[in-house]
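S.K.: Structure below; questions to follow.
The values are calculated or read from the model by the stated rules, or taken from the named source; none is laboratory data. Keep in mind the model is a prediction, meaning the values are calculated, not measured. Cβ placement follows ideal geometry from the backbone for every residue including glycine, while neighbour counts extend to all protein chains displayed.
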Amino acid sequence: MRVKRWTLAVVLASLLAVGGCGGASDDPAQPAAAAQNESARADLPDPRYALFPSATPGPDWELTDVVRMRSDERDAKRKRAEPLGALPGVDWYTEYTGPAANDTPAYLSLTAYTQSLAERKTESVSETSTATDGEINGHPAFWTMDPQDPGSGAVVAWEIAPGYTLELFATGVALDDLVAMAKTVRDATEAEWAAAGADVLSPSGPQG
């Protein structure tokens, strides 16, 4: 499982690098837009948790990890054993393994980002892929995969509040199936989410 988690982190980190290589912008409106995004994030409630109806995407799936970054660590770029949680903007995530294809188990993560849908699109859509805009449970959404590199995985993201986006990432899952899975994701209380086995990360390690 650690190999799969590292694979996801590498994929997302490389996309973050692609999205951030454009250099400084000459658009005078951009600082105002950035300030507006920061204001929206500051007004966010404490994490909006979400789960699959039966704790996993399906009967052949297994929940393998449930982790939340403590509030003052959400945007910290610090090194830790699990690279996914070290990515900027990650609030919490859950990970799953699923049915094997060609002896390789499917992998899926459900991640909450303190980022807008537009930010996630910038970081998740590669130069050789396109995004399809739509809705997931009434929320604006997009989904994408790279047809030239299907092994790199599929993404479905939907913004549930200004500056707060849920995202499914999967390998070994068809994009249409991932969209269908996203539509089953439901809101969860903190107690329900914690009951799935959550760890809260802090500089001193997991909290009991």
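S.K.: Condition first: over 13 Å from Tyr113 (Cβ atoms) and of a type in the set (D, E, K, R). Now tell me which residues in region 128-171 satisfy that.
M.R.: Across region 128-171, the qualifying residues are Asp133, Glu135, Asp146, Asp149.
S.K.: When Thr132 is evaluated against the numbered criteria (1) in a strand (DSSP E or B); (2) more than 16 Å from the chain's Cα centre (by Cα); (3) under 23 Å from Thr56 (Cα atoms), which criterion, by number, is the only one it fails?
M.R.: So the condition that Thr132 fails would be (3).
S.K.: Right, here's the next one. Can you tell me which residue among Arg78, Arg68, Arg74 is loosely packed, with under 14 Cβ neighbours inside 10 Å and at pLDDT below 85?
M.R.: From the options Arg78, Arg68, Arg74, the qualifying one is Arg78.
S.K.: From the list Thr97, Thr122, Thr144, which one is out of contact with any strand residue (DSSP E or B) (no Cβ under 8 Å at 6 or more places or on another chain) and β-branched (Val, Ile, Thr)? Can you show your working first?
M.R.: On the way: Thr97 fails: out of contact with any strand residue (DSSP E or B) (no Cβ under 8 Å at 6 or more places or on another chain); Thr144 fails: out of contact with any strand residue (DSSP E or B) (no Cβ under 8 Å at 6 or more places or on another chain).
Answer to the check: Thr122.
S.K.: Return the residues of region 140-164 that are in contact with an Asp or Glu (Cβ under 6 Å, 6 or more places away or on another chain) and farther than 19 Å from Tyr96 by Cβ; say none if nothing qualifies. Talk me through it step by step, then tell me what you get.
M.R.: Residues of region 140-164 that are in contact with an Asp or Glu (Cβ under 6 Å, 6 or more places away or on another chain), as a first pass: 140-142, 152, 157.
Matches in region 140-164: Pro140, Ala141, Phe142.
S.K.: Which one is modelled with the lowest pLDDT among residues in region 92-130 that are among the charged types (D, E, K, R) and surrounded by 17 or more Cβ atoms within 10 Å (Cβ to Cβ)?
M.R.: Glu123
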